[in-house]
1. Return a yes/no flag: does region 152-159 have any residue that is modelled with pLDDT of 95 or more, of a type in the set (A, V, I, L, M, F, W, C) and not assigned by TED's automatic domain parsing to the domain that holds Ala82.
2. Would you be able to tell me the number of residues in region 202-255 that are in contact with a strand residue (DSSP E or B) (Cβ under 9 Å, 6 or more places away or on another chain) and closer than 23 Å to Gly267 by Cα?
3. Identify the single condition in (1) of a type outside the set (Gly, Ala, Ser); (2) part of a loop (DSSP other than H, G, I, E, B); (3) out of contact with any Lys or Arg (no Cβ under 8 Å at 6 or more places or on another chain); (4) more than 16 Å from the ligand (Cβ to nearest atom) that Glu182 does not satisfy, given that it satisfies every other one.
4. Are any residues in region 152-179 of a type in the set (Ser, Thr, Tyr) and more than 11 Å from the ligand (Cβ to nearest atom), and if so, which ones?
5. Against the definition (part of a helix (DSSP H, G or I), closer than 20 Å to Thr269 by Cβ and not assigned by TED's automatic domain parsing to the domain that holds Ser123), how does Asp191 come out, yes or no?
6. Which condition from (1) surrounded by 15 or more Cβ atoms within 10 Å (Cβ to Cβ); (2) in contact with a strand residue (DSSP E or B) (Cβ under 8 Å, 6 or more places away or on another chain); (3) not in a helix (DSSP H, G or I) is the one that Ser260 breaks?
7. Pairs please, first residue from region 146-162 and farther than 13 Å from Trp96 by Cβ, second anywhere and in a helix (DSSP H, G or I) and within 12 Å of the ligand (Cβ to nearest atom), Cβ atoms under 9 Å, 6+ apart in sequence or on different chains.
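The values are calculated or read from the model by the stated rules, or taken from the named source; none is laboratory data. Note that the coordinates shown come from a computational prediction; the quantities given were computed from them, not determined experimentally. Every residue, glycine among them, receives a Cβ derived from its backbone with ideal geometry; neighbour counts consider all protein chains shown.
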Amino acid sequence: MNTREMKRILVTGAVGQIGSELTLELRRKYGADNVVATGRKTPPSEALKNSGPFYFIDVNQRESIVEVVKKHDIDTIYHMAAILSVVGEQNPQLAWHVNMDGLYMVLEVAREFNMARVIVPSSIAAFGPETPRDRTPNDTILKPRTMYGVTKVAGELLGDYYFRKYGLDCRGLRYPGIISHETLPGGGTTDYAVAIYYEAVKQQRYACFVREDTRLPMMYMPDCIKATIDLAEAEPGKLKHHCDFNVGAMSFSAGELAASIRKHIPGFTCTYQPDFRQQIADSWPMSLDDTAAREEWGWKPAYDLEAMTRDMLDVLGRRHREGGL
Ligand code: AKB
């Protein structure tokens, strides 16, 4: 395996929900000039725009990646650019193009430039209706029904292939629904678990697009960032898995989420109007067995539902009072 150190990092999808916060944390850790943010949109926050280098790149355009890789002598890629489940069902061709062709492009560039590491995120969408839904094992049936899920399974396999065939150190987590208060997610099935907080703060009511009893695994952004960087930095010799780690943090129904908000905003009301996204949610795990991540690289989440709700409402409440929501 390649033994280059991770020193100069490129983040694709750096203006997305996870990429934007991940970039800032990586810059804090490795130095602003050593973390190059790239994306297809203008950075949403001044913090991201002004804290280090940013380039517009398209992950499907090899030359646009290569130019930045050469200019900044990149040795590590966090490949966060992806089309999520709902947009993927609306436009499966686009999901394949961005998630598969884009990943292949990134892996090929990483191989050609002999990179130290590539972080290739996966998702609970890699599972499907035939998978055991309660404490879903790490190694189990992977037969998703969404195009997003298909690209996630194929992405896990492709990353593992590059590791075995070329010694390219690819690693990846199966993200659950990620909840955050900085950048909104775009086009995912778990987006209701973010939107509910914004609407609770702004108008004390929310119409949820999945049933009240819909239970999915979720994670608060600080844990997501920690998990991503911890896996990237884990000692290679300890890893038995590579691109397919389950990472659990919490698991709750939409009704339990609303109840946790009601403890802080007693007048909050939530109605349930399931639409086509219900079927996607019903095909995903309710909770995860993340023993492999705990044993192989010491994964341990810090936030549960109560702690996350307190923090989310604190931050969003403050922003709303200051007129920024
Ligand atoms: C989605 O809902 O599509 C994503 C995911 C779970 O990967 N948030």
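1. no
2. The total comes to 15.
3. Failing condition for Glu182: (4).
4. Selection gives Tyr161, Tyr162, Tyr166.
5. Numbers: part of a helix (DSSP H, G or I): yes; closer than 20 Å to Thr269 by Cβ: yes; not assigned by TED's automatic domain parsing to the domain that holds Ser123: yes.
Yes.
6. Against the list (1) surrounded by 15 or more Cβ atoms within 10 Å (Cβ to Cβ); (2) in contact with a strand residue (DSSP E or B) (Cβ under 8 Å, 6 or more places away or on another chain); (3) not in a helix (DSSP H, G or I), Ser260 comes up short only on (3).
7. If the second residue must be in a helix (DSSP H, G or I) and within 12 Å of the ligand (Cβ to nearest atom), the pairs left are Glu156/Ala126.
To keep it simple, each residue is scored yes or no on (1) farther than 14 Å from Val106 by Cα; (2) crowded, with 23+ Cβ neighbours inside 10 Å; (3) in contact with a Pro (Cβ under 7 Å, 6 or more places away or on another chain); (4) modelled with pLDDT under 95.
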| site | (1), (2), (3), (4) |
| --- | --- |
| Leu10 | no, yes, no, no |
| Gly19 | yes, yes, no, no |
| Leu24 | yes, no, no, no |
| Arg40 | yes, no, no, yes |
| Glu46 | yes, no, no, yes |
